[in-house]
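Laboratory data are not the source of any read-out in this text; all were calculated from the coordinates shown. Remember, predicted model here, so these are calculated numbers, not experimental data. Every residue, glycine as well, gets a Cβ built from its backbone with ideal geometry; the counts of neighbours run over all protein chains shown.
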Amino acid sequence: MASSNPSWSLLPFDLVENILYKVPVESLVRFKSTCKQWCALLNDKRFIYKHLDLSREGLIRVHDRKSCQFINLETLSLSSLQGPSYIYSMTHCDGLLLCEFKSDDKDRKFAVWNPFLSRVKWIKPSSSYSEYWDICGFGYDNVSRDNYKILRFCKMSGCEEVEIYDFKTQLWRSVDYSCAYYWCPSCDKAVSMDGNMYWFSDRKNTDKSIPDFFIQCFDFSKEIFEETCCLPFVNRDDDWLLSGSRGDSLSLLSKDKYGKIQLWVTNNLTDEIASWSKYFNVTPPFLTIIFHGYFNTTFFIHKTNRIMLWCEEEDVQNKDIYVNVYEIGEGVVEKQVET
C-alpha cells in the first residue's frame, strides 16, 4: 500500500524541480499524474526549455526508414523509436524531428514528430509542393521559442522558390531568397542550433580570391539569409558533416579521398567575426567511413573533448557495411557501440 506521505513531498519543491531536470523526457510524461503541482511544472514552458537545454547528450538517426534509433552517450544504451510512416528525410530541433514521409513518388507528407512522446503533428503541404526537389529546414523564433517554423526550398524545371510555414498561423508564405546560395543536397546535413539553421553552401563563383564554400544561416527570428563564415580548408572532393558544438558554435568533420579525417570548430557565433580552428586530425585504420549513404551519419563533440561519430562504414577487406558508434580523438579511434 502506497504511503499517504511519500518521501518526495517532504523535499523543498525547488530541489524536486532540480531532480526532475535530470530525468529523461520519456519518463517525465508518467510523472504528470503524481500531483497537480508536478503536472503544472512539467507543462510550464520555462521548465520545458530548461530541461531541453540540460538534456543528456545523445545521437539520433533514421534506422530503417520506418523508425529512428537513439543512443544515450552516458549509458551507451540504444533505443528504437517507431515512426508513423516511411521516413524519407529528417532534421532535428529541440528534441523534435521534422520528417518528410514517402510511400511513393506522389505521396509525400511533412510532419513534426516527437519520438519520445509518440506525438505527431501533420503539416499541410504548400499548394506549390513539388514531388521532385523539396528540402526543408527547421527552427524557431527566438522572440517566442514555442513558435516553430519550417523553411522550404523548392527547385523544379528551372523555377525556384522559398517558403516559410509558421506554426502559429499554420500557413505557408513566401520569403525573399535573393541572398540564398546553393543549399546542401539534403536537410539531413543541415544543423539547427539556437533556433537558426546552418548549412554548407557552394558559391560556384569565378572569382578565385573568394572561397567557394561557406556556411550559410537562416535566421528564423529576422527571416533573413546570412553568411556565417567561409570554409577555405574544404576541397570540392571532400566529404563533410556539420554539427553544433556546445550550443554556441559549429563543428565540421571533413574526410579527404585518402580517408584522413579533420575536425574544425568555430568560435562563439555571437562574436562579431566567426572563424575556424583545427581541433584534430586522424586517419581511421582498416575501415572506410562513409559520410554519404542510405544511413545519415551524425556526430558531435562529447564532453570528453573527443567526437562521438555514428556512421555507416565499409570493411575494405570483405566489403561488408556496418553501422557503429566511435569515439575519435587526436590519433585515437575507439569503437563504443556496434549496431
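Computed values, structure above
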| quantity | calculated |
| --- | --- |
| For W199, W240, order by how many other beta-carbon atoms lie within 10 Å, fewest first | W240, W199 |
| Estimated vicinal HN-Hα couplings, Hz - the stretch 254-270 in sequence order (Karplus 6.51, -1.76, 1.60; Gly, Pro = x) | 10, 10, 8, 5, 8, x, 6, 10, 10, 10, 10, 9, 8, 6, 4, 5, 7 |
| Derived scalar couplings ³J(HN,Hα) [the stretch 38-49; Karplus, 6.51 cos²θ - 1.76 cosθ + 1.60; whole Hz; x for Gly, Pro] | 5, 4, 5, 5, 5, 9, 6, 4, 4, 5, 4, 6 |
| Sequence-distant residues sharing a close amide H with C229 (under 5 Å, placed H) | I215 |
| Label-point separation, Y21 to S77 (7 Å along Cα→Cβ), nm | 2.2 nm |
| Too-long pairs where the Cα-Cα distance tops 27 Å, listed order kept, from K22/K45; K109/K335; K32/K121; K45/K222 | K109/K335 |
